[in-house]
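What follows draws every value from the coordinates through simple rules; no lab data is involved. Here the structure is a predicted model, which means the values were calculated and not measured. No Cβ is skipped: glycine too gets one built from the backbone with ideal geometry, and neighbour counts run over all protein chains shown.
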Amino acid sequence: MEWKNFKRELDRAILQTWTMRIAVIAMSLVIIVQMFMIFRLTSNSKTIILPPKVKKAFYVSGSHVSKGYAIDMGQYLSQTLLDLTPHNYKTQLNLFLQFAYPPNYNALKTELLVQMKALATLSVSQAFFPQTIKVKHHIIYVGGTLIRVITDKSKSYQKTLKIKYLIKNGEFYVQSISYQKKAY
């Protein structure tokens, strides 16, 4: 009789162990499937953004943006970088650097500080008027007229700003900038 009780308890313990193993494996599979689904949903999500004045909608999706968004960013960044007065150099620099790609931040900051110091030394005010904006392969070309005023003299330049950008997890980053007609 003791042997039967022992055998019954042993069988029940074995059944309970197998039931627990199956339950743990099933829950693990559910968690893995959920993780995969969450990853797919977040990496392929598309966010539609409407500006306050509804002129055109644009989207940001993972590592891609619509052409309209890139054009708007090109216009904003070019004016942030090139519309300067002696009183707003620092503010404009900080606004622009918010979009700097972290690994390139120091290089961009150093390059822009050199340019800003040269302008500050001469006490230059300048305004940029974009005329053409083109987007090709993660590069924005913003062409326009740069008017520079030093004391009472002004001079205008045709200038094209080249902004190399990167979209990472839906965020816009500037990797580098260059000028096709350098005015500094």
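Using the Karplus curve 6.51 cos²θ - 1.76 cosθ + 1.60 with θ = phi - 60°, work out ³J(HN,Hα) for each residue of segment 14-25 in order, rounded to whole Hz, and write x for Gly and Pro.
Coupling constants for segment 14-25: 5, 4, 5, 4, 5, 4, 5, 4, 5, 5, 5, 5 Hz.
In whole Å, what three semi-axes, largest first, describe the equivalent ellipsoid of segment 1-44 built from its Cα gyration tensor (square root of 5 times each eigenvalue)? If you can, show how the numbers build up before the last one.
Values: eigenvalues 359, 3, 3 Å².
Ellipsoid semi-axes (Å, largest first): 42, 4, 4.
With contacts defined as alpha carbon pairs under 8 Å and 6 or more residues apart, what's the relative contact order of the chain in percent? List each step's numbers first, then the result.
Details: 252 pairs, mean separation 31.2, N = 184.
Result for the chain is 17 percent.
With +1 on each Lys and Arg Cβ and -1 on each Asp and Glu Cβ, how big is the dipole of the chain about its Cα centre, in debye rounded to the nearest 20?
On the way: 25 positive and 8 negative charges, 111 e Å.
So the dipole magnitude of the chain works out to roughly 540 debye.
Taking only DSSP H segments of four or more residues, each worth -39500 (n - 2.57), what value at 222 nm results for the chain once the sum is divided by all its residues, to the nearest 500 deg cm²/dmol?
-16000 deg cm²/dmol
Per 0.36 nm of contour for each residue apart, how much would the distance between ARG8 and SER176 grow if the chain were fully extended, relative to their Cα-Cα spacing? Could the numbers behind the result be given before it?
Numbers: separation 168, 0.36 × 168 = 60.48 nm, distance 7.42 nm.
Stretched out fully, the ARG8 to SER176 stretch lengthens by 53.1 nm.
Going down the list LYS117/LYS159; LYS117/LYS168; LYS90/LYS136; LYS109/LYS164, which pairs span over 27 Å between their C-alpha atoms?
Numbers: LYS117/LYS159 20 Å; LYS117/LYS168 31 Å; LYS90/LYS136 30 Å; LYS109/LYS164 15 Å.
The pairs that break the limit, which is 27 Å between Cα atoms, are LYS117/LYS168; LYS90/LYS136.
Please label the shape of segment 78-175 as rounded, prolate or oblate, based on the square roots a ≥ b ≥ c of the eigenvalues of the alpha-carbon gyration tensor (a/c under 1.5 means rounded; beyond that, a/b larger than b/c means prolate, else oblate). All intermediate terms of the calculation are to be shown ahead of the outcome.
Values: a/c = 2.65, a/b = 1.43, b/c = 1.86.
Oblate is the answer for segment 78-175, as a/c is 1.5 or above yet b/c matches or exceeds a/b.
How about segment 124-184: which trypsin sites (Lys or Arg not before Pro) there lie in a loop by DSSP and see at most 15 other Cβ atoms within 10 Å?
Values: sites: LYS134, LYS136, ARG148, LYS153, LYS155, LYS159, LYS162, LYS164, LYS168, LYS181, LYS182; in loops: LYS181, LYS182.
Of the trypsin sites (Lys or Arg not before Pro), the ones in loops of segment 124-184 whose Cβ has at most 15 other Cβ atoms within 10 Å are LYS181, LYS182.
What three numbers, in Å, describe the spread of the alpha carbons of the chain along their principal axes, ordered from the longest?
113, 35, 27
Relative contact order for segment 81-133: what is it in percent, counting Cα pairs under 8 Å that are at least 6 residues apart? Don't jump to the answer; show the numbers that get you there.
On the way: 31 pairs, mean separation 31.5, N = 53.
The value is 59 percent.
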